[in-house]
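Okay, structure first, notes after.
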Amino acid sequence: MSQTPPPPFTLAGRATLRFLGLRIYEAQLRVAPGFKASHYFESAFELGIEYARSLEGRLIAERSLMEIGRLAPIDAEVGRRWLAFMQTAFPDVRAGDRLTGHHDGHGLVRFSHNGQVTGELADLEFGRLFFGIWLHPATSQPDMRRALLGSFL
């Protein structure tokens, strides 16, 4: 896996995901200079998620694929490939663990767990749709999107 140094990032915003009143995680978006919310998939950024509870990586991957499918139709074979990748890249997490998605702005996505790289995929469409879970205008969590993008909206 390549280790290109990241550009200097600026905090764009933070948001907390709650389900039935329970805190699930806090997300933090850090962006590179020139970031534009309308073209997030063409920008370098990091989306960090600190979990408030234990979750199985397999379930995180399955939910991610479901959310991706809400944004755009995906071919069944592509969906299987992406799910297999995410199941490898997303380990089980405990309260206090951090998963970070790094997007280089050119289609390379790298995931890390508590600072250790867990997976890397060069796929423009995956990067656009995966991070669209939080950043696309049609996200299922529009309040979270507004909080994460802050003044970049």
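Some points to look at:
- The length gained on full extension between Phe9 and Arg146, counted as 0.36 nm times the residue separation minus their Cα-Cα distance, comes to 47.5 nm.
- Where GluC sites (Glu not before Pro) fall in DSSP loop in the stretch 56-153, at most 10 other Cβ within 10 Å: none
- Reciprocal mean inverse distance between Cα atoms of the chain - Kirkwood radius, Å: 15.5 Å
- Extension reserve of the Leu20-Arg98 stretch, reckoned as 0.36 nm per residue once the Cα distance is removed: 25.9 nm
Where a number appears in this text, it was derived from the coordinates with a stated rule and is not lab data. Keep in mind that what you see is a predicted model, and the values were worked out from it rather than measured. We place every Cβ from the backbone using ideal geometry, glycine too, and count neighbours over all the protein chains shown.
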